[in-house]
Amino acid sequence: MTTTAVQQEGPAAVAPTPTAASHLRDYWRRVRGGDIGSLPAVAMLVVLCIGFAVVRPSFFSAANFANLFTQGAAVTLIAMGLVFVLLLGEIDLSAGFASGVCAAVLANVVTVLGHPWYVAVLAAVATGMLIGTTLGFLVAKVGIPSFVVTLAAFLAFQGVVLLLMEEGTNISVRDSVLVAIANRNLPPALGWALAALAVGGFTAVQLVRHRKRAARGLVNDPLAVVLARIGVLALVLGAAVYVLNLERSFNVLINSLKGVPIVVPIIGILLVVWTFVLQRTSYGRHIYAVGGNREAARRAGINVDRIRISVFVICSSMAAIGGIVAASRANSVDPNTGGSNVLLYAVGAAVIGGTSLFGGKGRVLDAVIGGAVVAVIDNGMGLMGFSAGEKYVATGLILLFAATIDALLSRRRAASGSR
């Protein structure tokens, strides 16, 4: 009896270790089933970069490469927050002007009232959290559709910005710390150190996870695939830091300009934090569960209303951070801050990156990849002399293309019985 039990446990205790070839076949099977993630966005980004570089070689210059990061930073940060709302199948149309309201609060606190930069930042983020709590409460507790609530907020926040800016006044932001966020660079050595830290941390996480899964007899990624991921990250970060550390100033004697923009590690840290929250915490699993099937999540004991409110809080808080970065880049705040194309680009970035409009599928990384696509389109077409109207048309068509792919793949996943 005992011998039989041991014999039954033996084969079940150790899962078969897939090879790199079988891993690739499994990945291709998932792609054919509709689970393609950010693959279209990555392919689009590569094609756009190559195309713009061929037509305008200056596109890949160190100065323009650095400009891409600062140009798309605010939109990317807002898009990172929108991912949480989209995961539930909701929408926040007020995120753009919410960032403008928070930027106006920042400017008033630091410039008009004369408080330190950290007080202004806390006030701006607290304003974002208050906005998100209000929107989430109206959606989750009152039952108003998110489209209607956030459309009303979109209109109202334009008026709030005007009131905070005294009907059109431009408020300068001169605090050196705030200005540095989007206008200063890290020392070259610090840039290399942070890149090495990022690669080292990623390596440790991947290898520890691989070892733990192997020890527990769970299905594991082949070690070759794990090492390939580490190698790709090291290559991408190394190339980026190398280019950003090149001299970008036209007159080195007067002003040297090199190093990784300060806003880049800020985005990187937030990417790591929110990715951890979504993929490694019960809260993150609850978000995916609610987005996948709200009623099933409720019956499983998940507090659905709390989850719905919390994602709006995260979204508006990230909008606040995006507004701070926008104020830093412009060295000022005006009634147009957070308006114009900010919301359209932020939603576009999240969707283009691979976050589903139907809820339940998406990553924070999608917003970063999509933000890069949007920034490349805007920057590259600007270098080629295209008008603002032509840029909007191109971005809109790409967004429509991404939404079409999302709809078609959602149908394919439903047909195959997967989400």
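The values are calculated or read from the model by the stated rules, or taken from the named source; none is laboratory data. For clarity, every value in this text was computed on a predicted model and none was experimentally measured. In this analysis, Cβ positions are derived from the backbone assuming ideal geometry, glycine residues included, and neighbour counts consider all displayed protein chains.
Can you name the residue in the stretch 391-411 that is over 19 Å from the mean Cα position of the chain (by Cα) and under 19 Å from Asn64 (Cβ atoms) and is also modelled with the highest pLDDT among such residues?
Among those that are over 19 Å from the mean Cα position of the chain (by Cα) and under 19 Å from Asn64 (Cβ atoms), it is Ala394.
Can you list residue pairs whose Cβ atoms sit under 8 Å apart, with the first residue in the stretch 384-400 being within 27 Å of Ser38 (Cα to Cα) and the second being of a type in the set (Asp, Glu)? Count only pairs 6 or more apart in sequence or on different chains.
Lys391/Asp378; Thr395/Asp378
Across the stretch 270-321, which residue is surrounded by the most Cβ atoms within 10 Å (Cβ to Cβ) among those that are among the charged types (D, E, K, R) and either out of contact with any Asp or Glu (no Cβ under 8 Å at 6 or more places or on another chain) or under 20 Å from Ala123 (Cα atoms) (or both)?
Out of the qualifying residues, it is Arg294.
Do you know which of the residues in the stretch 205-225 that are crowded, with 17+ Cβ neighbours inside 10 Å and within 26 Å of Ala240 (Cα to Cα) is nearest to the chain's Cα centre (by Cα)? Break it down into steps so the answer makes sense when it comes.
Residues of the stretch 205-225 that are crowded, with 17+ Cβ neighbours inside 10 Å, as a first pass: 206, 210, 220-222, 225.
Those left that are additionally within 26 Å of Ala240 (Cα to Cα): 206, 225.
Working: Gln206: 21, Val225: 25 Å.
Restricting to residues being crowded, with 17+ Cβ neighbours inside 10 Å and within 26 Å of Ala240 (Cα to Cα), the top hit is Gln206.
State the number of residues belonging to the stretch 188-204 that are buried (at least 16 other Cβ atoms within 10 Å of the Cβ) and not hydroxyl-bearing (Ser, Thr, Tyr).
The number of residues fulfilling the criteria is 8.
Residue-wise test of (1) surrounded by fewer than 23 Cβ atoms within 10 Å (Cβ to Cβ); (2) modelled with pLDDT of 90 or more; (3) at negative phi.
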{"position": "Gly323", "(1), (2), (3)": "no, yes, yes"}
{"position": "Ala326", "(1), (2), (3)": "no, yes, yes"}
{"position": "Asn341", "(1), (2), (3)": "yes, no, yes"}
{"position": "Ala350", "(1), (2), (3)": "no, yes, yes"}
{"position": "Thr355", "(1), (2), (3)": "no, no, yes"}
{"position": "Gly360", "(1), (2), (3)": "yes, no, no"}
{"position": "Ala367", "(1), (2), (3)": "no, yes, yes"}
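If the requirement is being closer than 23 Å to Pro335 by Cβ, free of Cβ contacts under 8 Å to residues at least 40 places away in the same chain and not polar (S, T, N, Q), which of these qualifies: Val109, Val105, Val121? Talk me through it step by step, then tell me what you get.
On the way: Val105 fails: free of Cβ contacts under 8 Å to residues at least 40 places away in the same chain; Val121 fails: free of Cβ contacts under 8 Å to residues at least 40 places away in the same chain.
Result: Val109 is the single residue among Val109, Val105, Val121 that is closer than 23 Å to Pro335 by Cβ, free of Cβ contacts under 8 Å to residues at least 40 places away in the same chain and not polar (S, T, N, Q).
Thr337 passes all but one of (1) modelled with pLDDT under 90; (2) under 18 Å from the mean Cα position of the chain (by Cα); (3) surrounded by 23 or more Cβ atoms within 10 Å (Cβ to Cβ); which number fails?
Condition not satisfied by Thr337: (2).
For the stretch 54-82, how many residues are surrounded by fewer than 16 Cβ atoms within 10 Å (Cβ to Cβ) and among the β-branched types (Val, Ile, Thr)?
2
With a cut-off of at least 2 residues that are at pLDDT 90 or above, surrounded by fewer than 21 Cβ atoms within 10 Å (Cβ to Cβ) and under 22 Å from the mean Cα position of the chain (by Cα), name the helices (runs of 4 or more DSSP H) lying wholly within the stretch 95-187.
117-137, 146-164, 176-183
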